[in-house]
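Trainee: One structure coming up, written as structure tokens, with questions to follow.
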Amino acid sequence: MPPRWASNKKILLGISGGIAAYKTPELVRAWIKSGAEVEIIMTEMGARLVSPLALSTLSKRRAWRDEDLMSDERGWRIPHITLSDWADVLVVAPCTANVLRMAATGDSSTLLGAAMLACDAPQIFFPAMNSHMWANEATRANVHILEKRGHTVIDPDSGPLACGYEGKGRLPSTEAILDETWRSLRGDHDFKGKKVLVTAGPTHEYIDPARFLSNPSTGKMGYAIAAEARYRGADVALVSGPVSLRAPSGVRRISVTTASEMYEACLAETPDSDFIIKAAAVGDYRAKEYSPRKRKRGEAASITLDLEQNEDIASSIGRMKSPGQVLVGFAAETENTRENALDKMEKKHLDMIVANDVTKEGAGFASDTNSVEIHFAGEFGFPYRSISGDKWEVASEILDAAVSLRNR
Ligand SMILES: Cc1cc2nc3c(=O)[nH]c(=O)nc-3n(C[C@H](O)[C@H](O)[C@H](O)COP(=O)(O)O)c2cc1C
């Protein structure tokens with residue numbers, strides 16, 4: 001699910017003649033599904049590698065071609081200017097070595113070249129090419145020029161290439177392109193230069209090699225916070241328990257399994273973090289004795305598990321944090337939500353707590369929506385804010401609250 005503010009954004013997509021052009025219909029579809037509007041300019045080589053008809057069907061607009069540069073069909077409305085003025089962002093994906101050169105040198109001999117030169121909106125380039133072409137000094141120099149001008153050039157992914165080589169040159173995934181687009185469109189990068197540590201997901205406490213104790217957390221809330229913080233310009237570390245979610249692009253994920261591993265990872269990251277947001281559902285207990293062999297059914301009619309407490313991550317960070325660091329906890333409660341949350345905030349020296357009643361419909365585990373109260377320490381139990389909405393909206397409010405706390 002994309003952030004709500006992504007809808008109605010105007011994306012101008014340049015498709016050039018890289019083999020990865022065949023992936024662009026999926027990209028256009030994903031943007032359209034997010035509520036964005038998409039205009040497409042194809043180079044002639046691009047139009048040979050992917051069908052303009054498929055693209056115009058998906059975008060529900062025409063796919064502009066070089067012949068339109070000199071078309072008098074729209075009279076005084078010149079395509080390269082109207083499209084550039086219309087766009088909130090210009091994305092070139094895939095971007096050939098040739099289009100990188102055109103952008104760097106201001107070559108406006110094609111519709112895409114002219115649009116790149118005319119466009120004042122942020123521009124993001126996704127180069128994709130043979131790894132030698134990418135490593136070539138000429139390409140490096142063009143990338144350098146574009147970055148110096150303030151454009152964003154995203155490094156290609158590494159892996160097997162269509163040309164038979166193995167190396168750097170692949171077009172990043174559709175999701176990664178979406179993430180970079182949202183980051184660019186988010187605009188106000190109020191977390192720029194800030195380090196944000198987010199924890200997310202459940203922990204697994206193994207009792208034997210085949211069984212563990214856990215909880216229903218899916219990590220959606222923490223991942224939404226990590227993505228939103230990244231869109232807002234933060235340098236994000238995401239300490240994640242086992243979940244099936246993709247790490248947002250540009251977020252450094254540290255994968256852990258047990259509460260002890262999460263504790264170690266968080267303590268290592270804390271000294272460098274400006275904001276620590278603990279959205280993970282950490283197991284309170286682990287088996288006192290781990291059985292290295294699978295316990296067999298039938299060995300006993302009943303078994304008793306002896307459990308011991310895990311380290312309390314929030315309390316440990318609460319004790320070690322330095323002035324200026326903002327520590328945010330979550331309280332997933334089933335009764336007396338506000339009282340329990342305030343009590344937790346005080347005991348663990350949190351600066352802010354996000355309280356939710358996980359028994360409420362549309363709140364808590366596995367849901368795409370949440371309903372929470374945000375409380376600040378020392379504010380007599382009055383919520384700073386109560387929010388119900390999708391996890392993106394809640395994530396955004398949590399970050400707003402955390403920033404306001406730091407700026408006090
Ligand atoms: C099948 C095929 C695949 C190609 N893939 C790439 C590619 O991935 N990246 C690239 O920079 N050039 C690639 N090229 C070379 C470009 O198509 C060529 O440089 C062309 O002039 C680029 O035109 P354009 O930049 O106007 O789209 C490929 C060529 C062919 C024939």
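For (1) in a loop (DSSP other than H, G, I, E, B); (2) buried (at least 18 other Cβ atoms within 10 Å of the Cβ); (3) of a type outside the set (Ser, Thr, Tyr); (4) free of Cβ contacts under 8 Å to residues at least 40 places away in the same chain, each residue gets a yes or a no:
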| residue | (1), (2), (3), (4) |
| --- | --- |
| Gly329 | no, yes, yes, no |
| Met345 | no, yes, yes, yes |
| Thr359 | yes, no, no, yes |
| Glu379 | yes, no, yes, yes |
| Trp392 | no, yes, yes, no |
| Ile398 | no, yes, yes, no |
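Trainee: So which pairs qualify, if the first residue must be in segment 94-121 and touching a residue at least 60 places away in the same chain (Cβ under 8 Å), the second must be of a type in the set (Asp, Glu) and more than 8 Å from the ligand (Cβ to nearest atom), the Cβ gap must be under 7 Å, and the two must be at least 6 apart or on different chains?
Mentor: Close Cβ pairs (under 7 Å, with a partner that is of a type in the set (Asp, Glu) and more than 8 Å from the ligand (Cβ to nearest atom)) amount to Thr110/Asp66; Leu111/Asp66; Leu111/Asp68; Ala121/Asp88.
Trainee: Could you count how many residues in segment 83-123 are within 26 Å of the chain's Cα centre (by Cα), more than 10 Å from the ligand (Cβ to nearest atom) and surrounded by 21 or more Cβ atoms within 10 Å (Cβ to Cβ)?
Mentor: 6
Trainee: Within segment 259-270, is there a residue that is aliphatic (A, V, I, L, M), touching a strand residue (DSSP E or B) at 6+ places or on another chain (Cβ under 7 Å) and surrounded by fewer than 18 Cβ atoms within 10 Å (Cβ to Cβ)?
Mentor: No: segment 259-270 contains no residue that is aliphatic (A, V, I, L, M), touching a strand residue (DSSP E or B) at 6+ places or on another chain (Cβ under 7 Å) and surrounded by fewer than 18 Cβ atoms within 10 Å (Cβ to Cβ).
Trainee: A further question on this structure: What is the one condition in (1) out of contact with any strand residue (DSSP E or B) (no Cβ under 9 Å at 6 or more places or on another chain); (2) more than 16 Å from the ligand (Cβ to nearest atom) that Ala138 does not satisfy?
Mentor: Among (1) out of contact with any strand residue (DSSP E or B) (no Cβ under 9 Å at 6 or more places or on another chain); (2) more than 16 Å from the ligand (Cβ to nearest atom), Ala138 violates only (2).
Trainee: If you don't mind, another one. Could you look through segment 13-30, keep only residues that are aliphatic (A, V, I, L, M) and within 16 Å of the ligand (Cβ to nearest atom), and pick out the one that is surrounded by the most Cβ atoms within 10 Å (Cβ to Cβ)?
Mentor: Ile15
Trainee: Check segment 53-65 and report whether any residue there is within 13 Å of the ligand (Cβ to nearest atom) and either within 30 Å of the chain's Cα centre (by Cα) or not basic (Lys, Arg) (or both).
Mentor: First, pick out the residues of segment 53-65 that are within 13 Å of the ligand (Cβ to nearest atom): 65.
Imposing the further condition that a residue be either within 30 Å of the chain's Cα centre (by Cα) or not basic (Lys, Arg) (or both) reduces the set to none.
No, the conditions are met nowhere in segment 53-65.
Trainee: Under 8 Å between Cβ atoms, which residue pairs at least 6 apart in sequence (or on different chains) link something in segment 153-174 that is in a helix (DSSP H, G or I) with a partner that is within 13 Å of the ligand (Cβ to nearest atom)?
Mentor: Pairs found: Thr174/Lys23.
Trainee: For Ser214, state whether it is closer than 25 Å to Tyr290 by Cα, touching a His at 6+ places or on another chain (Cβ under 8 Å) and in the same structural domain as Asn356 (by TED's automatic domain parsing).
Mentor: Details: closer than 25 Å to Tyr290 by Cα: yes; touching a His at 6+ places or on another chain (Cβ under 8 Å): yes; in the same structural domain as Asn356 (by TED's automatic domain parsing): yes.
So Ser214 fits the description; yes.
Trainee: So which of Gly17, Gly113, Gly46, Gly106 is assigned by TED's automatic domain parsing to the domain that holds Thr181, over 21 Å from Leu185 (Cβ atoms) and touching a strand residue (DSSP E or B) at 6+ places or on another chain (Cβ under 7 Å)?
Mentor: Going through Gly17, Gly113, Gly46, Gly106 in turn, just one is assigned by TED's automatic domain parsing to the domain that holds Thr181, over 21 Å from Leu185 (Cβ atoms) and touching a strand residue (DSSP E or B) at 6+ places or on another chain (Cβ under 7 Å): Gly46.
Trainee: Only one of Val239, Val243 is closer than 21 Å to Gly283 by Cα, aliphatic (A, V, I, L, M) and in a loop (DSSP other than H, G, I, E, B); which?
Mentor: Residue meeting the stated conditions: Val243.
Trainee: Can you pull out every residue in segment 31-46 that is crowded, with 18+ Cβ neighbours inside 10 Å and under 27 Å from Leu161 (Cα atoms)? Steps first, please.
Mentor: Let us first name the residues in segment 31-46 that are crowded, with 18+ Cβ neighbours inside 10 Å, namely 31, 34, 36-43, 46.
Hits for segment 31-46 are Trp31, Ile40, Ile41, Met42, Thr43, Gly46.
The values are calculated or read from the model by the stated rules, or taken from the named source; none is laboratory data. It should be emphasised that the depicted structure is a prediction, and the values quoted were computed from it without experimental measurement. Here the Cβ is made from the backbone with ideal geometry for all residues, glycine too, and neighbour counts use every protein chain on show.
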